[in-house]
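The values are calculated or read from the model by the stated rules, or taken from the named source; none is laboratory data. Please read these numbers as outputs of a predicted model, since none were measured by experiment. Cβ placement follows ideal geometry from the backbone for every residue including glycine, while neighbour counts extend to all protein chains displayed. Heads up: the accessible areas ignore ligands, DNA and RNA and are worked out on the full protein's heavy atoms, side chains in. Shrake-Rupley method; radii C 1.70, N 1.55, O 1.52, S 1.80 Å.
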Amino acid sequence: MEEHPQARFVVETLGKAGFVAYYAGGWVRDFLLNHPSDDIDIATNAPPETVQALFPHTVPIGIAFGIVLVIVEGHQYEVATFRQDIEYKDGRRPTRIEFATAIEDARRRDFTINGMFFDPFKDEILDYVNGRADLEAKIIRAIGNPHQRIKEDRLRMVRGVRLACRFGFEIEPETEKAIRSHADELFPAVAIERVWQEFVKGHDFGKLRPMLIKLHEFGLLGAIFPSIKEVSLEEIEKRLAPIKDYPFKAPVIASVLALFPDRELSFQIEICKKLKLSNLDQQFVSFLYHGRGLIRIDMSQERPIPLSEWAYFYANAFSPISLQIIAAHFDLRRRTAFFREHEERMEFLQKSIERIRNHDPIVKADLLIKAGIVPGKTMGALLEEADEIAINEQLHEPAPIIERLKKSPLWPV
């Protein structure tokens with residue numbers, strides 16, 4: 001097996017103190033699927049206070065639920081005491097827990113494939129929920145009563161769909177029926193940030209597109225985004241078809257916004273705010289929106305686009321990914337011509353692009369002062385015009401640019 005000396009040390013330390021401890025949950029599933037992972041959670045019968053006493057570096061991240069973060073040589077492990085969740089009221093977390101046995105702990109978990117333990121010293125799988133059989137059969141099955149599991153934490157509906165799409169598994173019929181039955185109950189029980197994290201995980205495994213489609217099929221996507229609740233599954237599949245060609249490094253929100261083609265920028269920003277995304281994500285969405293508009297104008301020849309406008313577009317750090325996203329909506333032949341056109345233009349404007357990125361215009365304020373221009377609004381406008389002249393006429397020395405400026409209506413008489 002793959003070695004994890006720090007995780008083994010945690011298990012060994014607990015064992016020497018007279019407790020049992022196992023690797024738990026997703027790591028065990030991935031181990032059986034031969035998907036290497038360093039993300040190890042540990043389950044034990046040691047009380048959280050004992051865990052804290054045994055290790056010098058701990059953080060009580062969920063002490064009320066028996067969870068302690070143990071840090072060993074920079075590696076972090078969530079160590080959770082075996083427990084039963086006694087009562088749920090808000091569809092998110094238990095109001096009361098009791099410490100329990102490994103069997104009882106396994107039975108409180110979400111899906112059978114996530115309910116197994118692994119003993120790293122005996123090299124043994126402990127499976128009290130038939131997770132291994134479902135893993136081999138490629139089935140996502142809720143542990144116990146699927147309706148009860150979902151009511152305990154309604155995010156499990158989204159997670160079940162994500163896992164099914166990640167691994168190419170089928171969702172067992174009773175579990176699927178329960179998800180469909182409770183889809184409209186996702187909110188307000190679940191915080192939107194948790195849903196977004198499921199989207200991010202789906203993207204990270206290259207499965208966001210099938211995940212979004214399956215979420216719509218089960219009624220969950222309409223619960224998250226009510227404006228598309230009545231959109232047909234066929235239309236959703238059509239809207240999401242291009243995202244398979246989006247660059248992997250594209251912000252996840254770019255793929256999500258493919259669900260809302262041709263919507264105005266204000267709507268897209270509202271989606272970002274609903275999902276509580278960062279200002280950087282919102283800046284990207286705004287840049288991509290304006291980039292699409294620029295490309296649309298260029299292709300329709302609605303108006304000539306000056307080289308200066310292209311130079312500033314290309315100089316932006318979001319430009320390369322935005323071009324790839326825009327191109328993904330074209331057929332292959334058109335895409336090839338599109339990239340060739342922009343590569344040639346970028347090469348032609350390279351010096352101007354570098355100056356923009358380095359904040360190094362050819363004509364600066366000191367040159368205008370020498371020419372008799374007083375600092376103020378007029379100088380600012382002349383500096384902007386000088387920059388446009390330099391780029392549009394590809395002039396790389398200040399003298400001819402200033403001569404051109406002197407003929408501008410902005411130049412003081």
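The table below lists the values:
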{"item": "Cα Rg, Dmax, the chain, angstrom units", "result": "28.6, 92"}
{"item": "Inter-part distance where the range 178-232 and the range 1-74 are each reduced to a Cα centre, Å", "result": "31 Å"}
{"item": "Virtual spin-label span in nm between I63 and D360, 7 Å along Cα→Cβ", "result": "5.6 nm"}
{"item": "Global geometry of the range 1-160, whether rounded, prolate or oblate, following the gyration tensor of its Cα atoms and the 1.5 cut on a/c", "result": "oblate"}
{"item": "Burial ranking of peptide ranges 171-181, 3-13 (average Cβ count within 10 Å, highest at the top)", "result": "171-181, 3-13"}
{"item": "Sum of -39500 (n - 2.57) over DSSP H runs of 4+, divided by residues of the chain (222 nm, nearest 500)", "result": "-15500 deg cm²/dmol"}
{"item": "Other-chain or far-sequence residues with amide H under 5 Å of F218's (modelled H)", "result": "none"}
{"item": "Protection proxy ranking, peptides 372-385, 115-128, average beta carbon neighbours within 10 Å, highest first", "result": "115-128, 372-385"}
{"item": "Placed amide H near F111: partners under 5 Å, 5+ positions off or other chain", "result": "I143"}
{"item": "Most mobile of A371, A46, A191 in a GNM of the chain (Cα contacts under 10 Å)", "result": "A371"}
{"item": "Over the chain, relative contact order from alpha-carbon pairs under 8 Å, at least 6 apart, %", "result": "8 percent"}
{"item": "Reachable aspartates and glutamates from K273, criterion Cα separation under 18 angstrom, eight or more residues apart if same chain", "result": "E193, E198, E264, D281"}
{"item": "At least 30 Å along the helix axis (C-alpha) and Kyte average at least -0.5, DSSP helices within the chain", "result": "279-300"}
{"item": "Residues of type lysines that K351 reaches as a straight line, Cα spacing below 18 Å, ignoring anything fewer than 8 places off in the same chain", "result": "K364"}
{"item": "Chain lengthening between F248 and R194 when straightened (0.36 nm per residue, less Cα-Cα)", "result": "17.3 nm"}
{"item": "Straight-distance crosslink candidates among lysines, where the alpha carbon sits under 28 Å from K276 and sequence neighbours closer than 8 are dropped", "result": "K89, K151, K201, K207, K214, K229, K238, K244, K249"}
{"item": "Accessible area (Å², 1.4 Å probe, nearest 10) - L367", "result": "50 Å²"}
{"item": "Residue of A53, A80, A106 that the Gaussian network model of the chain assigns the largest fluctuation, springs spanning Cα pairs under 10 Å", "result": "A53"}
{"item": "Rg [Å, one decimal], Dmax [Å, integer] - the range 296-413, C-alpha atoms", "result": "17.0, 55"}
